[in-house]
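Please read the structure below before turning to the comments.
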Amino acid sequence: MEMEWIKHWVSFSCETIETAVADRASIADDWLQNIKSTHSGHQIIVGLDCKFNPHRITSMSGKIATLQLCLGTKCLILQLLYMDHFPQSIKGFLSDPNITFVGVELYESTEKLWNEYELFCSQKADVLALVKFWFPISFRGKPSLRAIGHELAGLCMQKTKKPYKCDWESRVLDEQLIEHACIDAYACYRIAHKLLQDV
């Protein structure tokens with residue numbers, strides 16, 4: 001039976017991204033089942049991003065509060081801190097060999113996911129590593145997601161407004177946090193889709 005969830009519509013770069021925020025396993029389970037049934041048997045790319053409250057001393061940073069997954073114009077934001085439990089569908093989705101997860105600093109994020117929640121991500125690729133592989137001259141140093149997205153995928157990502165403070169551990173995420181989380185995961189998806197399927 002399909003669960004009802006509140007949908008958020010995020011407008012970004014001439015697209016409207018259908019975004020679900022989940023703190024219940026049943027909602028996450030339904031979203032993931034819909035995605036898998038639509039793309040069953042195909043190799044797919046999924047943008048993955050994690051948010052947590054940072055600390056200037058890295059070891060004192062908070063646990064991952066949200067996990068964002070984006071495929072096309074559909075995005076799921078999992079509030080990991082408040083999930084009642086992690087269904088097998090989440091674990092199976094992350095470990096599916098037919099799914100390549102892409103993101104910024106992805107290896108660090110997936111290691112943190114494993115250490116804090118025992119969620120294992122099988123197939124993964126770091127956006128920055130992909131960019132440097134394909135365009136070693138154009139992208140030197142550590143380019144921002146905003147710069148890469150603009151150059152490779154034509155995305156117009158706005159700079160974060162100051163002095164807005166992101167509290168990813170909030171029980172209820174406000175619209176600005178939802179938009180921020182959604183756009184970052186979507187940008188990772190679009191960039192990787194361009195690199196892995198169009199190049």
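Read-outs: derived from the displayed coordinates by stated rules, not from any lab. Please read these numbers as outputs of a predicted model, since none were measured by experiment. Virtual Cβ from ideal backbone geometry, glycine too; neighbours counted across all protein chains shown.
Centroid-to-centroid, using Cα positions, the stretch 113-127 and the stretch 164-199 are 17 Å apart.
Please sort 77-86, 184-193 by packing, taking for each peptide the average over its residues of neighbouring beta carbons within 10 angstrom, highest first. Walk me through the intermediate numbers first.
On the way: 77-86: 18.3, 184-193: 25.7.
Averaged packing, sorted descending, gives the order 184-193, 77-86.
Of the cross-linked pairs Lys165/Lys194; Lys36/Lys165; Lys36/Lys142; Lys74/Lys124; Lys7/Lys165, which ones have a Cα-Cα span greater than 30 Å in the structure shown?
Values: Lys165/Lys194 32 Å; Lys36/Lys165 35 Å; Lys36/Lys142 34 Å; Lys74/Lys124 19 Å; Lys7/Lys165 24 Å.
Pairs exceeding 30 Å: Lys165/Lys194; Lys36/Lys165; Lys36/Lys142.
Starting from 0.36 nm per residue, how many nanometres of slack lie between His42 and Glu105 once their C-alpha separation is accounted for?
Working: separation 63, 0.36 × 63 = 22.68 nm, distance 2.55 nm.
Computed gain between His42 and Glu105 is 20.1 nm.
Potential lengthening of the chain between Ala147 and Ser122 amounts to 6.2 nm, from the contour at 0.36 nm per residue minus the alpha-carbon distance. Taking label points 7 Å from Cα along the Cα-to-Cβ direction, Trp9 and Ser170 give a separation of 2.2 nm.
Within the straight-line cut-off of under 17 Å between alpha carbons, the aspartates and glutamates reachable from Lys63 are Asp23, Asp49, Asp84, Glu105, Glu108, Glu111, Glu116, Glu118, Asp167, Glu169, sequence neighbours fewer than 8 places apart in one chain being disregarded.
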